[in-house]
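Encoded as structure tokens, here's the structure I'll be asking about.
The values are calculated or read from the model by the stated rules, or taken from the named source; none is laboratory data. The structure presented is a predicted model; accordingly, all values stated were derived computationally and were not measured. A quick note on method: Cβ atoms are made from the backbone with ideal geometry, for glycine too, and the neighbour counts reach across all protein chains shown. Quick note on the areas: whole protein, heavy atoms, side chains included, nothing else; ligands and nucleic acids left out. Shrake-Rupley method; radii C 1.70, N 1.55, O 1.52, S 1.80 Å.
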Amino acid sequence: MEDKKVSIITPCFNGEGFAERFFNNILGQTYQNIELIFVNDGSSDRTEAIAKSYIPTFEQSGRKLIYIYQENSGQAEAMNKGLAIFSGDYLMWTDSDDILDKDNIRKKVEFLEQNPDCGYVMCYAQEVHESDLTKKIGDLRRIQPHGEDNIFEDVILEKNIVYTPGVYMARTEAILGAIPSRHIMKSDVGQNWQMLMPLTYKYKCGYIKEVLFSYVIREDSHSRREKKLEDVIEKLHKQNDLIACVLKEMGLENSKYMDMLKDKVVRKEFDNGYFFKDKQLMKQKYKELKDMGRCTRRDTLILWSGLCPVIDVLYSIFKMAKRAYRRR
């Protein structure tokens, strides 16, 4: 099995605070045949010095570390640098601040070797905080559906899906079948959509129902910063436009998926209206849902919760009770 090479593409921007942990994490993997392509996205700190210092250590361990520097261009462009040159039999892509279980790579290779009908595999993950990496604070997992597994639709709809890239490993032939150009669009949002959509559309998913990855929550992470409603809506539309472009590239511009995407965006705008207590936005998007014939009892309940504080309190109690029941 060790004759199979695993390539890992990792973009990094200003990672001096966790780069050593990341490189040691890869060196600590129980699988040996690894090619790590580390792309420094224009860092202004000591990321480059740290990365270069690990090249001899990787060589001594029988692994390979390829270091690439680019002017700050974003994660999608960093991914393209790696996609253009990776040479492994399998491909992973992961962020430099997250943590792979020591058996992450080995168990994924074993699964794909034993399940040739699967183009890729995903494992369970957990959330941890940078202040205590040993304490789980949340789960990240896709629950494998009974019957048909339409993971492609779920990727578009953000339903029962994990976007954290370190949970995935794909066969190289699946990656090249899904992304033959070895190139994704330059964008400051959604590089994981661009990787996952063509892959999940064409190939079967395998499941390792075991936590093999930790997603580290950092307080200074861009995704953790408090946002205004306008920022959230702007990002939502950027993501929507990107997904629509990917669908068009896949030849699905006239498919049902475009309608599903439109429905999702309106509903997420409606939900954000509720979250940010913007009654005007809620009313506007509720009307759009009705006009589209997509309005549900859940939408009506949320609308009245947003308009009436008493109903909102009762709705909050109901949601807490429902979560408590599911944890039983």
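Would you mind finding the one in Pro180, Pro145, Pro165 that is at pLDDT 95 or above and either basic (Lys, Arg) or at negative phi (or both)?
Among Pro180, Pro145, Pro165, only Pro180 is at pLDDT 95 or above and either basic (Lys, Arg) or at negative phi (or both).
Just one of Ile233, Ile175 is closer than 19 Å to Gln75 by Cα and either among the aliphatic types (A, V, I, L, M) or loosely packed, with under 15 Cβ neighbours inside 10 Å (or both); which is it?
From the options Ile233, Ile175, the qualifying one is Ile175.
Restricting the search to segment 120-163, which residues are touching a helix residue (DSSP H, G or I) at 6+ places or on another chain (Cβ under 8 Å), among the β-branched types (Val, Ile, Thr) and open to solvent by less than 20 Å² (accessible area, probe 1.4 Å)?
Scanning segment 120-163 gives Val121, Ile151, Val155, Ile156.
Same structure again: For segment 277-328, enumerate the residues that are of a type in the set (Gly, Ala, Ser) and at pLDDT below 90.
Ser316, Ala321, Ala324
Something else: Out of segment 213-225, which residues are open to solvent by less than 100 Å² (accessible area, probe 1.4 Å), of a type outside the set (A, V, I, L, M, F, W, C) and either closer than 23 Å to Leu236 by Cβ or at pLDDT below 95 (or both)?
Correct list: Tyr215, Arg218, Asp220, Ser221, Ser223.
List pairs: first residue in segment 92-115 and more than 19 Å from Phe23 (Cα to Cα) and of a type outside the set (Asp, Glu), second residue open to solvent by 10 Å² or more (accessible area, probe 1.4 Å) and modelled with pLDDT of 95 or more anywhere in the structure, Cβ distance under 7 angstrom, at least six positions apart or on different chains.
Matching pairs, first to second residue: Lys107/Ile208; Lys108/Ile208; Val109/Lys4; Phe111/Ile208; Leu112/Arg171.
Yes/no per residue for (1) open to solvent by 90 Å² or more (accessible area, probe 1.4 Å); (2) farther than 30 Å from His183 by Cβ:
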{"position": "Gly251", "(1), (2)": "no, no"}
{"position": "Tyr257", "(1), (2)": "no, no"}
{"position": "Gln280", "(1), (2)": "yes, yes"}
{"position": "Pro309", "(1), (2)": "yes, yes"}
{"position": "Val313", "(1), (2)": "no, yes"}
{"position": "Ser316", "(1), (2)": "no, yes"}
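When you go through (1) in a strand (DSSP E or B); (2) open to solvent by less than 50 Å² (accessible area, probe 1.4 Å) one by one for Glu210, which number turns out not to apply?
Of (1) in a strand (DSSP E or B); (2) open to solvent by less than 50 Å² (accessible area, probe 1.4 Å), only one is false for Glu210: (2).
Here is a further query. Would you be able to say whether some residue in segment 11-21 is under 21 Å from Arg171 (Cα atoms), modelled with pLDDT of 95 or more, within 19 Å of the chain's Cα centre (by Cα) and of a type outside the set (Asp, Glu)?
yes
Six or more apart or on different chains, Cβ under 9 Å: which pairs go from a residue in segment 162-187 that's more than 27 Å from Glu127 (Cα to Cα) to one that's surrounded by fewer than 20 Cβ atoms within 10 Å (Cβ to Cβ) and among the acidic types (Asp, Glu)? Could you list them?
Thr172/Asp89; Glu173/Asp89; Met185/Glu249
Within segment 287-296, is there a residue that is charged (D, E, K, R), without any contact (Cβ under 8 Å) to a residue 24 or more places away in the chain, touching a helix residue (DSSP H, G or I) at 6+ places or on another chain (Cβ under 9 Å) and in a helix (DSSP H, G or I)?
Yes, some residue in segment 287-296 is charged (D, E, K, R), without any contact (Cβ under 8 Å) to a residue 24 or more places away in the chain, touching a helix residue (DSSP H, G or I) at 6+ places or on another chain (Cβ under 9 Å) and in a helix (DSSP H, G or I).
So how many residues does segment 117-134 have that are in contact (Cβ under 8 Å) with a residue 12 or more places away in the chain and over 22 Å from Asp103 (Cβ atoms)?
Number satisfying all stated conditions: 3.
Testing Asp117 on (1) closer than 17 Å to Ile34 by Cα; (2) among the acidic types (Asp, Glu); (3) open to solvent by 60 Å² or more (accessible area, probe 1.4 Å), one condition comes back false. Which one is that?
Looking at each condition in turn, Asp117 falls short on (1).
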